[in-house]
2 protein chains.
Amino acid sequence: LRGQIAAVFEQVPQMNPVRLLATVMVLAAVLNSGFGGPALPHAIMPAPASYRAGEGRLEVDGAFSVFVEGHDDARLRAGLSRALRRWEARTGLTFARTDAANAAAAKLVIRCDGPGAAIPQLGDDESYHLAITSERAAVQAATVVGVLRSLETLLQMLDSDAAQTALPNGRVQARGETPGCFPGGGFFVPAAVIEDAPRFPWRGLMVDVCRHWQPMEVIKRTLDGMALVRLNVLHLHLTEDQGFRIESKTFPRLHTLGSDGHYFTQEEMREVIAYAAERGIRVVPEFDLPGHATSWLVGHPELGSQPGPYAIERRWGIFDPTLDPTNEAVYELLDGFLGEMEALFPDPYLHIGGDENNGKHWDANPRIQAFIKKHGLVNNAGLQAYFNRRVLAILARHGKRMVGWDEILHPDLPRDAVVHSWQGPKGLAAAARAGHATILSNGYYIDLSHPAWEHYLNDPLPADTTLTPTEQARVLGGEATMWAEWVTPETIDSRIWPRTAAIAERLWSPREVREVDDMYRRLDIVSLRLEELGLSLTRHVDPMLRRLAGDGANAFRLEELRTIADLVEPVKDYRRGGQQPDATQFTPLTGLVDCARPDSTDAREFSASVRARLFEGSAEDWARIMGWFVWWDRAADNLRQELSVSSPRVRALEPLFSRISEVCAVGSHAIGLLDSSEAPPGDWMAKAFADLDAAAVAFDACEIPIIPVVRLLVAAAGSQPERKTMTAEAWRAHVEALAQSAPAADERPAH
Amino acid sequence: LRGQIAAVFEQVPQMNPVRLLATVMVLAAVLNSGFGGPALPHAIMPAPASYRAGEGRLEVDGAFSVFVEGHDDARLRAGLSRALRRWEARTGLTFARTDAANAAAAKLVIRCDGPGAAIPQLGDDESYHLAITSERAAVQAATVVGVLRSLETLLQMLDSDAAQTALPNGRVQARGETPGCFPGGGFFVPAAVIEDAPRFPWRGLMVDVCRHWQPMEVIKRTLDGMALVRLNVLHLHLTEDQGFRIESKTFPRLHTLGSDGHYFTQEEMREVIAYAAERGIRVVPEFDLPGHATSWLVGHPELGSQPGPYAIERRWGIFDPTLDPTNEAVYELLDGFLGEMEALFPDPYLHIGGDENNGKHWDANPRIQAFIKKHGLVNNAGLQAYFNRRVLAILARHGKRMVGWDEILHPDLPRDAVVHSWQGPKGLAAAARAGHATILSNGYYIDLSHPAWEHYLNDPLPADTTLTPTEQARVLGGEATMWAEWVTPETIDSRIWPRTAAIAERLWSPREVREVDDMYRRLDIVSLRLEELGLSLTRHVDPMLRRLAGDGANAFRLEELRTIADLVEPVKDYRRGGQQPDATQFTPLTGLVDCARPDSTDAREFSASVRARLFEGSAEDWARIMGWFVWWDRAADNLRQELSVSSPRVRALEPLFSRISEVCAVGSHAIGLLDSSEAPPGDWMAKAFADLDAAAVAFDACEIPIIPVVRLLVAAAGSQPERKTMTAEAWRAHVEALAQSAPAADERPAH
């Protein structure tokens, strides 16, 4: 019969044995790949300030029980209940719903000193002490929020094994096995002592709900993810040229005419705030002023710097419509509106944006220019500073502290305004020196598709900071920013996560925790926890690919499309706008680029293998590395030959498939040369680099992230003669310089 | 190099070549499998009343535009906009946001006579006429809801191809290809004329939000799915022993004490009703009375038939707590509460449940028994009828018509009460004969894990009905019922869908549309559309399996676990309660059974292959069919040997893996005998049946659905001598009788 099976296999045209072998090989390579660098002794992310491993382990079984000492309240209980539900989901166990009789009888003892602020505030005490022995886990915290943070750490420490009892028949016997129900056992938390407190008090995520609307369920699951990685500020960017996303009862024309019906009611926003507070997260609203304000003017054109009419902006970029700072009606509306928002948002900080006002409508309005002259405001910047002072006075009357982007920094800006830096470390430093509290977002722009490690190494206060200790104390922390030109509710989780977890670690953990390989090791595990919470880091990808491929696709072709989607990355920075210049708010974001994720895991692992083999003495077989090329090339080639026939959208990707095949061909050739220690012909390297340059032209907003490392392979293959004449270090430097000599070009300039 | 690759492959222990081959073979078999029976000439589900294919096709490209003639309103526009968004997501095209200049310039012309009821009502005109030519699609409908139904049909008709232009290099050229943006083209709708109207006016889905809470996002996406398959009633089961899920402003103790905080605010319910109305769906609330009422009594113990106190019920089953019909305060509360609900729910129908009151608390209360005697009510049934009359009078005062389950049927029941039949066709017929309007749910209990075809063939008015035409007219339709003992927001979509689409077709399409194979063909396609809408038919499975397997699982082992999860099915009927007798509302539903789905596609395709090969002259190679066994057995065996070592929960499943291996061993042996035309030893068949009986004992609420067809294989293998002496038909009957002679036993009785 085995012969028959083999014969059937021979008849199956869909699967190429080489590709099958490559699959096996690639997967094996991934599974066997280690992680360089010193690893932390745990999987916790963000890493705690101090972790000391103990002896033994605390078993987690059906008898797990809790005792709460000291302060106890509904928020603590709700958090505890959510935490234990997650453990129940993972273990299949059901824990008791009533407390243990006393601390001695409990497996988890919580001692909390007091409630802390019911609505989280800047500077809340989030510290905790967590001691785990084989007897119990004991949490001590000053506030309920500290307890919540400790529970997230404890949840991340759950581990399992399944020490087996060999039976005579060679099978394994599950401990406590009972037919028809889950056996207990096998789950545990290792003994340890953890002292933890955040490095920065402001650890945020900004979500732009304007350019693409993000409904309640997105906000809630985002808050779930934030709580898991101990972020404590949700900054909601609520107004933009493309949408006014909060209900105003006083000025209903704002949201009814400025939103296409997609806005948060005040009732919903109260629900968001309560949901966040339950998780120890502040909600800071942003109302972008006086620019980025088209949507305000749709219902209130009389407040604009030009007569209007105005329509909701559908394109991306910087637009001209701006509030008229010389019009007293503007301040009346702001006073009423911000008063309403003061009552809605309990946080004392309120973000007024203030960025990217291009001043064109001011320039074009003689009355406004006359006002500048009359009041000695010098220029548009002076006018904006005047506007900011007026707004700040309104906010002060409503008991709010103003936050604004870099542009609000001006000698006249009162010291208690907070400067949010998106332009760079210089702005941050300047603001801190000028006496302002500051928050860093430059380097945390997760919408720009950079890899996690870049954000991770971006420190608000690096070791070589030139700020004085007093100035350093003004650096409150940072925020990841999820600008929403290119995300929908379907894809936003995969753009926020898992990279934001790396930023969360940067903002929570000690400066010294910065080992990239170990960060990725723990990031992969945190990703599983985030997906368990209901976030969609990858689960949306297969359904999206099925839609992209059309109903004619079979499982093989979908697997190939997945292979490509897992390889490519969205173009970085602002280049997607160049790739899709006609895109608007209505453009469907359901293409391959939307299925791809930034910071491709496959590309990262491949690159690590190549570098290790080339420079770090790895003994890995070249054939194993070659397997990746076989795998990617077969996928691209099969898609081009087969799924392209039934699917118009796959066929449209053919230039991308060709580029991938080209990269694989060049890379395979280089490996062949390296493997055989054969020197290439004289013009080979130049030709190979030129081919790679051609393949590096982005297509349909996708780029092929392995090109830099394939350039390394080419440079190495072409430098084999030099290898004999150089030290290993010199050769590596030579190869890297060679590989970088002709950087990959993009087809259009950034915008 | 290829040799090297092969050598690497040899070293990879994880993959067995046989399993690899089996994979290929199985997938190929699935892909090549045809569908028996006469197929409809389209993929529309529910099938329209009349479909005539035309000549040519309507191209769908970026120039697609719309013109609305006659009535036009916001609901129509919102529905149109949602529909076109879905086409945009599938095609990658962006359509114009403004109408065509006139009908002649439009690709889609909608002529609507009038708005219809703003809030959908029973008997609304949902009919439409849809004519598609190569010029345009033209919709005619009497109401906006008719237009919405036509758009769902039109959306389902989108097809694509990619007629290719061969280039000299052998590559294909995408029509309109432009680097950096999607090309248009390749999408079309085939020409056809469709006349459509539903067979029944009441086509519902009941969702129990009590036993396990289902939040807003579940309800909304369920409504999206319902609209896609033209269901028009969402019946919300809002109160139960396990939870009181609607806010009462008049009696806030009901929801605050009866719900654990999980209930719909009235504001949220208004949002649900509006969301449903936008999609032409009624919302009918159910408040189960006087039994199933524990949660009412938590806050109002004074209304119970026993003194209390009461606590929210956490277990499953039928419980004793019951409202006291002799207590006037009960009617006062109901009058106030139902008055409040009257204002909240616009639909004239209101469901009062009325089922499964066991009467024990009435029996135990002498005052209640004295009341029965005093008022000549004879017994508890008489008392419940008295209660129902009182409730009906309250409802009548509030302008509502009463709906109740079978048990409300009583000679005294006023004719205008609607009887909802859960017990069987007899009850339905009896109610219709007694003059009541009726709805069928017996046979549509999707919580019981039966396959789609069973529900599909269950006709409220089968061809052989004995009801008179007048009585038949009283059968309004039916409802699928999603009782929620075993579903969470994570799994509920996969329990409702896709089977409910088959029920939707039964209730919408002509009685004669009942070809099972063609239903499954179209169900597979509708499943893709449902998943595109954001429902999770299968996308939750991999994340759940990762959680089940634990962090030690690699991609191979997860694939194997997926293989098992795709094979097994949850036990049918009420047997899960027997399998998990200690389960409560708190039991995590994250086991393999929760990853498995009813009506396993793999099992269905395997069974079809076997039956075709045995009885229908299929020339399929036995090796191909054998491949399934190899595939399943290897997965089970590898999991038992490997993932079991690191994962306690996988190890706990070892008895299930053993049963699967046993079934595969028996089946493989039978195929070997059939393939070699060898007769087995005398006691082989009895032994094989016994082995299958042992394997048929459910484990951890999972059953192996291929056992019946493996019994067929065994019977066939054991009946090879008879084959020569019998006609094909006689042999088939012999084999089927033999296979059924010893039905598989379950380990515990149903409860």
Return the distance in nm (one decimal) between the two label points of a simple spin-label model at B:Glu454 and A:Arg315, each offset 7 Å from Cα along Cα→Cβ. 6.0
Of B:Thr326, B:Gly477, B:Ala739, farthest towards positive along the dipole that unit charges on Lys, Arg, Asp, Glu beta carbons give chain B: B:Gly477
From the C-alpha gyration tensor of segment B:49-139, pull out the three semi-axes of the equivalent ellipsoid (sqrt of 5λ each), sorted largest to smallest, in whole Å. 23, 17, 13
Using only the alpha carbons of the protein assembly as shown, determine the length spanned along each of the three principal axes and report them from longest to shortest in whole angstroms. 93, 82, 78
Filter A:Lys373/A:Lys426; A:Lys249/B:Lys107; A:Lys107/B:Lys360; B:Lys220/B:Lys400; B:Lys373/B:Lys426; B:Lys360/B:Lys426 down to the pairs with a C-alpha to C-alpha distance above 29 Å, please. A:Lys373/A:Lys426; A:Lys249/B:Lys107; A:Lys107/B:Lys360; B:Lys373/B:Lys426
With the Cα gyration tensor of segment B:271-326 in hand, convert its eigenvalues to equivalent ellipsoid semi-axes via √(5λ) and list them largest first in whole Å. 31, 12, 10
So, for the protein assembly as shown, what is the accessible surface per residue at a probe of 1.4 Å, expressed in square angstrom? 35
Hydrodynamic radius by Kirkwood, which averages 1/r over all alpha carbon pairs of segment B:230-379, in angstrom: 16.1
R0 = 41 Å: FRET efficiency of B:Thr470 with B:Asp161, Cβ-based, nearest 0.05? 0.20
With each pseudo-label sitting 7 Å past Cα toward Cβ, what's the A:Ala103-B:Glu605 distance in nm, one decimal? 6.0
How big a patch of accessible area, both sides summed and in Å² to the nearest 100, lies buried between B and A at a 1.4 Å probe? 8400
Shortest-first nm distances, A:Arg397 label point to equivalent points in other copies (7 Å, Cα→Cβ): 5.3
With +1 at each Lys and Arg Cβ and -1 at each Asp and Glu Cβ, the charge dipole magnitude of segment B:280-408 around its Cα centre, to the nearest 20 debye, comes out at 280
For peptide A:186-197, the mean count of other chain Cβ atoms within 10 Å per residue Cβ is 1
Taking r as the C-beta separation of B:Lys249 and B:Ala74 and R0 as 25 Å, the FRET efficiency to the nearest 0.05 is 0.30
Given a Förster distance of 35 angstrom, what is the FRET efficiency for B:Ala343 paired with B:Arg415, based on the Cβ-Cβ distance and rounded to 0.05? 0.85
Hey, can you rank A:122-132, B:711-721 by average C-beta count inside 10 Å, highest first? B:711-721, A:122-132
Considering only the label points, 7 Å along Cα→Cβ from Cα, what distances in nm to one decimal separate B:Gly308 from the same position in each other copy, shortest first? 5.6
Looking at A:Ala549, A:Ser668, A:Ile281, which one has the Cα that reaches farthest to the positive end of the dipole of chain A (charges on Cβ: Lys, Arg +1; Asp, Glu -1)? A:Ile281
Can you tell me the Rg and the Dmax, both Å, for the Cα atoms in segment B:552-601? 12.8, 35
Label-point separation (nm) for A:Asp582 and B:Val193, each offset 7 Å from Cα along Cα-to-Cβ? 3.6
If the only charges are +1 at each Lys and Arg Cβ and -1 at each Asp and Glu Cβ, what is the size of the charge dipole of segment B:373-441 around the Cα centre, to the nearest 20 debye? 260
Around A:Arg415, with a cut-off of 14 angstrom between Cβ atoms, what is the net charge of the other residues, counting Lys and Arg +1 and Asp and Glu -1? +1
Accessible carbon and sulfur surface of the protein assembly as shown relative to its total accessible area, %, 1.4 Å: 54
Across the residues of B:542-552, average count of Cβ atoms on other protein chains within 10 Å? 5
Output for segment B:335-424: trypsin sites (Lys or Arg not before Pro) sitting in coil per DSSP, at most 14 other Cβ within 10 Å, listed by number, reads B:Arg415
Candidate cut points under trypsin sites (Lys or Arg not before Pro) in segment B:245-335, DSSP loop plus at most 13 other Cβ atoms within 10 Å of their own Cβ, are B:Lys249
How many Cβ atoms of partner chains, on average, are near each residue of A:88-101 if near means within 10 Å of its Cβ? 4
Checked chain B against the a/c 1.5 cut and the a/b vs b/c comparison, axes a ≥ b ≥ c from its Cα gyration tensor; verdict oblate
Reduced to Cα centres, the span from segment A:462-529 to segment A:590-652 in Å works out to 27
For segment A:104-111, just list the computed ³J(HN,Hα) in residue order, Karplus coefficients 6.51, -1.76 and 1.60, θ = phi - 60°, integers in Hz, with x standing in for Gly and Pro. 5, 8, 9, 8, 9, 10, 10, 10
What are the label-to-label distances in nm, one decimal and shortest first, from B:His375 to the same spot in the other copies, with labels 7 Å along Cα to Cβ? 7.6
Work out the length of the dipole vector of chain A about its Cα centre, built from +1 on the beta-carbon of each Lys and Arg and -1 on the beta-carbon of each Asp and Glu, and round it to the nearest 20 debye. 460
Based solely on its DSSP helices, what 222 nm [θ] is calculated for chain A when runs of n ≥ 4 H residues each add -39,500 (n - 2.57) and the sum is averaged over all residues, nearest 500 deg cm²/dmol? -13000 deg cm²/dmol
Extended-chain gain in nm, criterion 0.36 nm per residue less alpha-carbon gap, B:His398 and B:Glu135: 89.5 nm
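The values are calculated or read from the model by the stated rules, or taken from the named source; none is laboratory data. Keep in mind that this is a model prediction, so the values were computed, not measured. With ideal geometry, Cβ positions are generated from the backbone for all residues, glycine too; neighbour counts draw on all protein chains shown. These accessible areas exclude ligands, DNA and RNA; they are computed on the full protein's heavy atoms, side chains included. Shrake-Rupley method; radii C 1.70, N 1.55, O 1.52, S 1.80 Å.
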